[in-house]
Structures are given as C-alpha cells and as structure tokens.
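Everything on this sheet refers to the single structure shown next.
The values are calculated or read from the model by the stated rules, or taken from the named source; none is laboratory data. Everything quoted here is computed from the prediction, not taken from an experiment. Using ideal geometry, Cβ is built from the backbone for each residue, glycine included, and neighbour counts are taken over all protein chains shown. These accessible areas exclude ligands, DNA and RNA; they are computed on the full protein's heavy atoms, side chains included. Shrake-Rupley method; radii C 1.70, N 1.55, O 1.52, S 1.80 Å.
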Amino acid sequence: MPSLDLRTENRKSTNHIHECVLLIDARADDAARILEELNSGKDERFDAEWVPGLSSGIERLRNGGIGTVVFDMTSPDNRALETFDRLFQAAPGVPILILVGADAEEMA
C-alpha cells in the first residue's frame, strides 16, 4: 500500500513555479495511489495536493494556484451536477477531471 503521507496543507501563496493538481477524494487509500501515479513522472512539472472533501477543495481552489482538479465523483458529499457546478464556480476555466468506477459511468 502506498504511503499515506498526503499533502493536505492550504497554501496561501499563488507564486508556484509548477502547476498544481488538486485531488479531491474522500478515501485516503485511493488518494495515495493516485498521488503516487501523478508524482511518478520523471519530468514532474506540477505539484499535487489532496483534500478529502468538496468544501475543503472549494476553499483550496479559491486560494488560487490550481491548474487542474481531479475529483472522485463517488465521494460521499457528491451530488453529481451540483457538485461539478460548485467546483466550476469556484474556479472557472480550471479543467476538472472526473473519476468514477465502471458502475457509475452514466452518472459521469
């Protein structure tokens, strides 16, 4: 199992050298695996941060410095399109990638 040393801090500065990918996932073990994959590239050009819930994700988006959001749509606080709209309103123009299991493709 990957290390659960997940970065959850809220950065106030937007003066990042690299783009930041924000992962919103309620399950720490899934988040650890995803972060491990995101950080495995030899030519890493971005930071990756994890927050466990939608409200903390929206707060982090409002602080700036996020280039992409990866959101687990099967999270407990998810309400499908309403959730997507809240993320989009917090940071219009930031790409949002949605994660779902094979059994939830229609929802996505």
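Numbers below:
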quantity	calculated
Matching option when the condition is assigned to a loop (DSSP other than H, G, I, E, B) and either at pLDDT 75 or above or buried (at least 19 other Cβ atoms within 10 Å of the Cβ) (or both), among 40, 56	40
Residue list for region 76-101, filter: at pLDDT below 70, exposed (fewer than 15 other Cβ atoms within 10 Å of the Cβ) and not basic (Lys, Arg)	76, 77, 80
Counted residues, region 1-37 - those being touching a helix residue (DSSP H, G or I) at 6+ places or on another chain (Cβ under 8 Å) and at pLDDT 90 or above	5
Single condition residue 48 does not satisfy, out of (1) open to solvent by 40 Å² or more (accessible area, probe 1.4 Å); (2) within 12 Å of residue 20 (Cα to Cα)	(1)
Verdict on residue 31 being under 11 Å from the mean Cα position of the chain (by Cα) and part of a loop (DSSP other than H, G, I, E, B)	no
